[in-house]
Number of protein chains: 2
Amino acid sequence: MFMHSKSEGSYVPATRVVRATKTSPLCENLSALFRKFPAERHYQPQNTILLHGDTADAVYRVISGTVRCCTIDEDGGRQIFSFQKKGDFIGMSDVDAWHFTAEAVDHVIVQSVPRASLEQELAMNFTLRMEMRYLINRLLIKREHQILSLISHKAPQRLLNFLREFATTRSSSGFTVLPMCRRDIADHLGMTTETTSRAFGVLKNSGAIEMTTPDKYRLLD
Amino acid sequence: MFMHSKSEGSYVPATRVVRATKTSPLCENLSALFRKFPAERHYQPQNTILLHGDTADAVYRVISGTVRCCTIDEDGGRQIFSFQKKGDFIGMSDVDAWHFTAEAVDHVIVQSVPRASLEQELAMNFTLRMEMRYLINRLLIKREHQILSLISHKAPQRLLNFLREFATTRSSSGFTVLPMCRRDIADHLGMTTETTSRAFGVLKNSGAIEMTTPDKYRLLD
DNA sequence: CGGTACGTTGATCGTGATCAAGGGAAGTGG
DNA sequence: CCACTTCCCTTGATCACGATCAACGTACCG
């Protein structure tokens, strides 16, 4: 007898929330650079924005929609490292070739700055260089938190942490909409779709979250 | 009946080895900077080299010995992100405070460059900046490989990958000595000491490695 | 209307965590 | 020098979590 308890409040939450990366830095200089290249590109759901291995000839910023950044291993396994949303930058760390693939989850609009322009600006602008360093350092710290989370948390806790972080960056209040499917969440958290679905069930039954449809949730407690 | 088979060659290896990060980059300018600060510091086993949260007022390079870089979560769980050895740099990514702790595994000798000197040099030296970017990008890619490995490989495979990578960076030929204990390896690979010990057993029985003492191994196949 | 993709739930099985015990090496104090 | 502790490695037994295999309902779409 070791099924999930269906009783209320049985799921221990909190106290171990991944130390949230501080509020997103302003990156004034970087933003200013993007303002010089206002052209927008649109991507339909599931379309590729940039492909692992291709020349990293630009950097991107998400204007709207959700982008998943992932790699595929030789066994066909996919790992989604992050979901990028409005205001997030993509591809800042790569120097020559993309070390990951970026795909549109829903309808996505991005701006891009040619790599050459970025490099030119970087050579002259000290503050921009510092912004980049902070950005990439935060990325590294985030990856290490993900490793820690994978090792020390069970599936429902990882999902809860994800939903919490996702909520802070998306909805200001009330319900949060999940633009991605269960498979995407599973590949992000390192589990199967079935486990993801069951983890949602655990969180609902324990009163940690409330859901109206499979893609809308609200944090409780 | 689902114990490990004790028969020879039963353990499927290879084909999915984490794409090894290329041979370590030269980092000529960075090395030159370190040559200007030849003073060495010595650390006894288990001693702290730098502490998570302290001001990142220097960067380090390992002269000899092995350093473990780790973080401790609020439940006491420890995650060792990397073992740094001769020639490796430590603390290049942090801008203000250390986001991890570095400890000596065995007797360790390091050199250090004051942060201020690094920053001064960075401001003037384009090549040095590029070296730093490559270094940190490789670090990020390495972390993402670690995540992928955690998700898609079983314990013996993870251990084998670790032993392979460790061997390439340590011993040129023949046997490789493990300076760290099972607990350190376990905390690096995200498993328990018992599982680590059993994983060694699997690799030995499958003919993937050969061991004389618990801290000396040789890769076969 | 059939096909497909997605979410959910159930049943079973395997990996690894956990609990427990024992052996060997090294250090300490009598 | 030996009793004693302590740490590390190993092995065994059991159990929980999550993967896997399977089935089903629903929404969407050509």
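Using a Gaussian network for chain A with springs between C-alpha atoms less than 10 Å apart, which of these wobbles most: A:A97, A:A123, A:A56?
Fluctuation is largest for A:A123.
For the stretch A:28-143, max minus min Cα coordinate along each principal axis, in Å, sorted largest first?
43, 27, 24
By average Cβ neighbour count within 10 Å, what is the ranking of A:137-146, A:87-96 from highest down?
Numbers: A:137-146: 20.2, A:87-96: 18.6.
Put in order of decreasing packing, that is A:137-146, A:87-96.
Whole-Å semi-axes of the protein assembly as shown's equivalent ellipsoid, largest first, each the root of 5 times a Cα gyration tensor eigenvalue?
Details: eigenvalues 231, 204, 86 Å².
Sorted largest first and rounded, they come to 34, 32, 21 Å.
Work out the mean other chain Cβ neighbour count within 10 Å for the residues of B:93-106 and drop it here as an integer.
On the way: counts 7, 4, 6, 2, 0, 0, 7, 3, 0, 0, 0, 0, 0, 0.
Counting Cβ atoms of other protein chains within 10 Å of each residue's Cβ and averaging gives 2.
For chain B, take the longest principal axis of its alpha carbons; what is the angle in degrees between that and the long axis of helix B:193-205, to the nearest 10 within 0 to 90?
60 degrees
Grab the DSSP H runs of chain B that are 4 residues or longer, score each as -39,500 (n - 2.57), total them, divide by all residues and round the 222 nm result to the nearest 500 deg cm²/dmol. Before the final figure, lay out the partial values.
Details: 6 runs with 81 residues, N = 221.
Taking each H run of at least 4 residues, the total per residue is -11500 deg cm²/dmol.
If the cut-off is a Cα-Cα distance under 18 Å, which aspartates and glutamates reach B:K142, setting aside same-chain residues fewer than 8 apart in sequence?
Within the straight-line cut-off, B:K142 pairs with A:D73, A:E74, A:D94, A:D96, A:E144, B:D88, B:D94, B:E131, B:E165, B:D187.
Could you please state how large a percent of the accessible area of chain A is carbon and sulfur, counting protein chains only and using a 1.4 Å probe? Spell out each step's value before the answer.
Numbers: 5910 of 10570 Å².
Here it works out to 56 percent.
Can you tell me the convex hull volume per residue for chain B, based on C-alpha atoms, in Å³ to the nearest whole number? Before the final figure, lay out the partial values.
Details: hull volume 29.5 nm³, N = 221.
Hull volume normalised by residue count: 134 Å³.
In square angstrom and rounded to 100, what buried accessible area do you get between chains A and B, total over both, with the probe at 1.4 Å?
Values: alone 12420 and 12470 Å², together 21200 Å².
Protein heavy atoms only, the A-B interface buries about 3700 Å².
Can you pull the mean other chain C-beta count within 10 Å for peptide A:148-155? Could you put the intermediate results ahead of the total?
Working: counts 8, 3, 6, 9, 8, 3, 0, 0.
Average per residue, whole number: 5.
Of the cross-linked pairs A:K154/A:K216; B:K154/B:K216; A:K85/A:K216; B:K86/B:K154; B:K36/B:K85; A:K204/B:K154, which ones have a Cα-Cα span greater than 26 Å in the structure shown? Can you show the working numbers first?
Details: A:K154/A:K216 22 Å; B:K154/B:K216 22 Å; A:K85/A:K216 17 Å; B:K86/B:K154 29 Å; B:K36/B:K85 21 Å; A:K204/B:K154 31 Å.
Going by Cα-Cα distance, B:K86/B:K154; A:K204/B:K154 fall outside the 26 Å limit.
Tell me the per residue accessible area of the stretch B:28-129 using a 1.4 Å probe; a whole number in Å² is fine.
Details: 4250 Å² over 102 residues.
Per residue, the stretch B:28-129 has an accessible area of 42 Å².
Taking R0 as 30 Å, what FRET efficiency do you get between B:N47 and B:R183 from their Cβ-Cβ distance, rounded to the nearest 0.05? Display every interim value, and only then the final one.
Working: r = 17 Å, r/R0 = 0.56.
Here the calculated transfer efficiency is 0.95.
Relative to the longest principal Cα axis of chain A, at what angle does helix A:155-169 sit, 0 to 90 degrees, rounded to 10?
For A:155-169 against chain A, the angle is about 50 degrees.
Bin all alpha-carbon pair distances of the stretch A:140-221 at 5 Å intervals from 0 and give each bin's fraction as a whole percent.
Taking every Cα pair in the stretch A:140-221, the percentages come to 3, 14, 27, 28, 19, 8, 1, 0.
What does the accessible area per residue of the stretch B:153-219 come to in Å², with a 1.4 Å probe and no ligands, DNA or RNA counted?
Details: 2900 Å² over 67 residues.
Value returned for the stretch B:153-219: 43 Å² of accessible area per residue.
The values are calculated or read from the model by the stated rules, or taken from the named source; none is laboratory data. Worth saying up front: this structure is predicted, and the values here are computed from it rather than measured. No Cβ is skipped: glycine too gets one built from the backbone with ideal geometry, and neighbour counts run over all protein chains shown. Areas reflect the complete protein model, heavy atoms only, side chains present, ligands, DNA and RNA absent. Shrake-Rupley method; radii C 1.70, N 1.55, O 1.52, S 1.80 Å.
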